[in-house]
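Participant: A single structure is presented below for examination.
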Ligand SMILES: [Mg+2]
């Protein structure tokens, strides 16, 4: 079998730390998981693993129990006590086959417990069940429930990463803060179902107007932010202007539950660009907010770029 044909779909960029004091088993595990496309971090000694965990956050840990200095139980308890590491799934892989050993392993926070001798395929299947579930949980936790745009929590994560990327590469990104003008009137005049439907349609329109790499985020209510990587303030302005003009021409319709409505609306937007307007995430958002405020006070249905650094 060649490598491509065995690669797991789930494996993409996933890091699995293997902690096992038996070199032969360690190498077998490493080779097997490597072949399925995982990025393995093999550790022969638990103390070496603890050291590495200061810098690396694996997606899952395969953990032996009988090891020198720190046994697997102690190691698992230590991981569960660390804020950054405590959610990492742990799969015990051990020669300790007694029921009370298994119960102890699961009791201190192991996600699975496999006894030696074991089948590589079974280990892989169990690892993938855990990683798939985590992935769908992550997908849910980063989306806004109503519109399926990304949510504020995910935005904050990505904003930090973008700022780092700018510092490393010097390539700019822009944030476009958008507010729907007089949105409250839609809810007041037609009811929340219509307002919600307009928000959903608005997000679809935003998503279809942007590149795949751009992020559409609902910050809350009728406030949205676009995170445009590799985009100068000038380019972001053109894009926001185009969106504003599109909305000037679009009619959102709602026809359900006996209610029929045709909605026209406009947007106001404020733009801040990193590094042009600064390299601090919070300060950038404050500047975008200021620009949005200026667009609003100029009569709405307008786009403004932040001023100053
Ligand atoms: Mg051992």
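The values are calculated or read from the model by the stated rules, or taken from the named source; none is laboratory data. The structure presented is a predicted model; accordingly, all values stated were derived computationally and were not measured. Don't worry about glycine lacking a Cβ; one is built from the backbone with ideal geometry, like all the others, and counts go over all protein chains shown.
Participant: Of the numbered conditions (1) under 16 Å from the mean Cα position of the chain (by Cα); (2) at pLDDT below 95, residue 149 fails exactly one; give the number of that condition.
Facilitator: Of (1) under 16 Å from the mean Cα position of the chain (by Cα); (2) at pLDDT below 95, only one is false for residue 149: (2).
Participant: Oh, and also: With the requirement that a residue be part of a helix (DSSP H, G or I) and farther than 27 Å from residue 75 by Cα, what does the stretch 108-157 give you?
Facilitator: Filtering the stretch 108-157 down to residues part of a helix (DSSP H, G or I) leaves 120-141, 152-157.
Correct list: 136, 139, 140, 141, 152, 153, 154, 155, 156, 157.
Participant: Going residue by residue through the stretch 31-42, is there one that turns out to be buried (at least 16 other Cβ atoms within 10 Å of the Cβ), more than 20 Å from residue 132 (Cβ to Cβ) and within 12 Å of the ligand (Cβ to nearest atom)?
Facilitator: For the stretch 31-42, residues buried (at least 16 other Cβ atoms within 10 Å of the Cβ), more than 20 Å from residue 132 (Cβ to Cβ) and within 12 Å of the ligand (Cβ to nearest atom): absent.
Participant: More than 16 Å from the ligand (Cβ to nearest atom) and assigned to a helix (DSSP H, G or I): does that describe residue 47? So that I can check it myself, show each step before the final result.
Facilitator: On the way: more than 16 Å from the ligand (Cβ to nearest atom): no; assigned to a helix (DSSP H, G or I): yes.
Judged against the criteria, residue 47 is not a match.
Participant: Take the residues of the stretch 28-45 that are touching a strand residue (DSSP E or B) at 6+ places or on another chain (Cβ under 6 Å) and in contact (Cβ under 8 Å) with a residue 24 or more places away in the chain: which is nearest to residue 97 (Cα to Cα)?
Facilitator: Restricting attention to the stretch 28-45, the residues satisfying the condition of being touching a strand residue (DSSP E or B) at 6+ places or on another chain (Cβ under 6 Å) are 29-30, 33-34, 38-43.
The next check asks that each one be in contact (Cβ under 8 Å) with a residue 24 or more places away in the chain; those that pass are 29, 33, 38-43.
Working: 29: 20, 33: 24, 38: 27, 39: 29, 40: 26, 41: 26, 42: 23, 43: 23 Å.
Out of the qualifying residues, it is 29.
Participant: Step by step: first the residues of the stretch 254-307, then only those that are more than 31 Å from the chain's Cα centre (by Cα) and on the phi > 0 side of the Ramachandran plot, then the one that is modelled with the lowest pLDDT. Which residue is that?
Facilitator: 257
Participant: Just checking, how many residues over the stretch 4-30 are assigned to a loop (DSSP other than H, G, I, E, B) and exposed (fewer than 13 other Cβ atoms within 10 Å of the Cβ)?
Facilitator: Taking the stretch 4-30 and keeping what is assigned to a loop (DSSP other than H, G, I, E, B), we get 7-14, 20-22.
Narrowing the set further to residues that are exposed (fewer than 13 other Cβ atoms within 10 Å of the Cβ) leaves 9, 12-13.
Number satisfying all stated conditions: 3.
Participant: I'm told residue 100 meets every condition in (1) away from the ligand (no atom under 16 Å from the Cβ); (2) under 25 Å from residue 11 (Cβ atoms) except one. Can you identify the failing condition by its number?
Facilitator: (2)
Participant: Is at least one residue of the stretch 60-76 in contact (Cβ under 8 Å) with a residue 60 or more places away in the chain and within 23 Å of the chain's Cα centre (by Cα)?
Facilitator: In the first step, residues of the stretch 60-76 are kept if they are in contact (Cβ under 8 Å) with a residue 60 or more places away in the chain; the result is 60, 62.
Restricting the remaining residues to those that are within 23 Å of the chain's Cα centre (by Cα) gives 60.
There is at least one residue in the stretch 60-76 that is in contact (Cβ under 8 Å) with a residue 60 or more places away in the chain and within 23 Å of the chain's Cα centre (by Cα).
Participant: Could you run through the stretch 62-96 and say how many residues are away from the ligand (no atom under 14 Å from the Cβ) and assigned to a strand (DSSP E or B)?
Facilitator: Residues in the stretch 62-96 being away from the ligand (no atom under 14 Å from the Cβ) and assigned to a strand (DSSP E or B): 2 in total.
Participant: Have a look at 237, 193 and point out the one that is over 24 Å from residue 147 (Cα atoms) and either outside the structural domain of residue 157 (by TED's automatic domain parsing) or out of contact with any helix residue (DSSP H, G or I) (no Cβ under 9 Å at 6 or more places or on another chain) (or both). It would help to see each step written out before you state the result.
Facilitator: Numbers: 193 fails: over 24 Å from residue 147 (Cα atoms).
Just a single option satisfies the conditions, and that option is 237.
Participant: Counting only residues that are surrounded by 17 or more Cβ atoms within 10 Å (Cβ to Cβ), give me the strands (runs of 3 or more DSSP E) lying completely in the stretch 180-272 with at least 3 of them. Don't jump to the end; show me each part of the working.
Facilitator: Numbers: elements: 215-220, 223-229, 252-256, 259-263.
Strands (runs of 3 or more DSSP E) meeting the threshold: 215-220, 223-229.
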